[in-house]
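Read the structure below first, then the notes.
The values are calculated or read from the model by the stated rules, or taken from the named source; none is laboratory data. On a predicted model such as this, the values are computed, not experimentally measured, just so you know. Counting neighbours? That spans all protein chains shown, and the Cβs are built from the backbone with ideal geometry, glycine included. Side chains are part of the model used for accessible areas, which takes the heavy atoms of the whole protein and leaves out ligands, DNA and RNA. Shrake-Rupley method; radii C 1.70, N 1.55, O 1.52, S 1.80 Å.
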Amino acid sequence: MAEPVVTLGPPAVTVVEISDPAAANAGIDLIDLDAVQLQATPFRARRVIVSLETATVVFHATNVRVRTRTRVLRDLVAYDTFGPQTRGTVNGLAVRPGLLLAAESEAEVAFVTDNHWESVALLLPPQEIRAHLTARQRAGTFRLPLGVEVLQADAKRVQRLFDWGRRLVDVATEQPSVFNERRQERAAAEVDLLEHLMAALGGADDLELSRFDRTRQTQSRIVKIAEDYALSKVGEPLYVTDLCKATGTSERALEYAFKEVMGLAPVTYLIRLRLHRVRQALLTSPSGSTTVSAEALNWGFWHFGEFSRAYKNCFGEPPSDTLRRNPSQKTRIGRLTPRLQ
């Protein structure tokens, strides 16, 4: 679960400690983020949000392998940088020195995080970037991203951009009043952000893909198609034959893509994906609107005993306990099917 959001003096600084992937969107409305945990270890993630004048800096850190599909909202553009120890992938491409991610609003990015993941996302309105550059007579040197662009830039400049964002987050966490109470500090930090960003983007170009990179991108697309298929067939069982048809691949290619991208077999991962959907429903449904058995059936789990065991193996608790922790559902616990306990 997401522990209570700690707002260190509104409106500028928010810290969220997350211990449940079903609560991955907690504390932020600028990003739509869907997360699936890939390993059965205690989940820990931290998000720090620093709102400046028009820009927002978002720091993410986690200690486990997680698959996320993320979109930026509100007509913002996003630039992501990554810590020096970060391991993981972006749309199938390995995070590496000098890698800089750029995404326009509503464009979806697939991340697979690994241990020691740290990232700093810079969210900005496009018109503020243009205004900043126009004032410096540099508007002709910049273009906004189209869709999702994975860029290769000077590694030292990109590292400086990450370090700047991390320092800002550390100061905001330790001294929130610097940003909460001083508009001048927020405005100065935003100008500094833009200068560091433009410096990192200087000379950046599309990442030159190796044969291995292209293979991993293809595998990532196969996984995404299979995910979309599994989510579009709510309530139906999952069969490898149908996944092969949906992705246009052989069983061997499908299996290999999932093992390379997720570290899990296709059906194993997609069942885990559906289990996460059940958990989200159990945690957020209005009072009296659902039961464990109803949500299990909604997501294609017809054998309740197997469902309960898989759910407990994934989340460390039976589904009835999850529903019981949703305050609005307490009146429904007594009506649950006994074999789901």
Can L93 be described as at pLDDT below 95 and of a type in the set (A, V, I, L, M, F, W, C)?
-> no
Some residue of the range 290-297 being open to solvent by less than 40 Å² (accessible area, probe 1.4 Å), under 27 Å from V64 (Cβ atoms) and at pLDDT below 90 | no
From the list L133, L161, L122, pick out the single residue that is open to solvent by less than 20 Å² (accessible area, probe 1.4 Å), outside any helix (DSSP H, G or I) and closer than 16 Å to A199 by Cα.
-> L122
Test A78 against the criterion of being within 15 Å of the chain's Cα centre (by Cα), modelled with pLDDT of 95 or more and of a type in the set (G, A, S), and give yes or no.
-> yes
Please find, among K224, K233, the residue that is surrounded by 12 or more Cβ atoms within 10 Å (Cβ to Cβ) and at pLDDT 95 or above.
-> K224
Can you name the condition, by its number, that A139 falls short on among (1) within 14 Å of Y79 (Cα to Cα); (2) out of contact with any strand residue (DSSP E or B) (no Cβ under 8 Å at 6 or more places or on another chain); (3) at pLDDT below 95; (4) open to solvent by less than 70 Å² (accessible area, probe 1.4 Å)?
-> (1)
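Within the range 246-269, take every residue that is open to solvent by 10 Å² or more (accessible area, probe 1.4 Å) and hydroxyl-bearing (S, T, Y) and give me the one that is nearest to V66 (Cα to Cα).
T268
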Considering only residues that are without any contact (Cβ under 8 Å) to a residue 12 or more places away in the chain and either touching a strand residue (DSSP E or B) at 6+ places or on another chain (Cβ under 6 Å) or not basic (K, R) (or both), look in the range 164-181 and name the one that is most open to solvent (accessible area, probe 1.4 Å).
-> E174
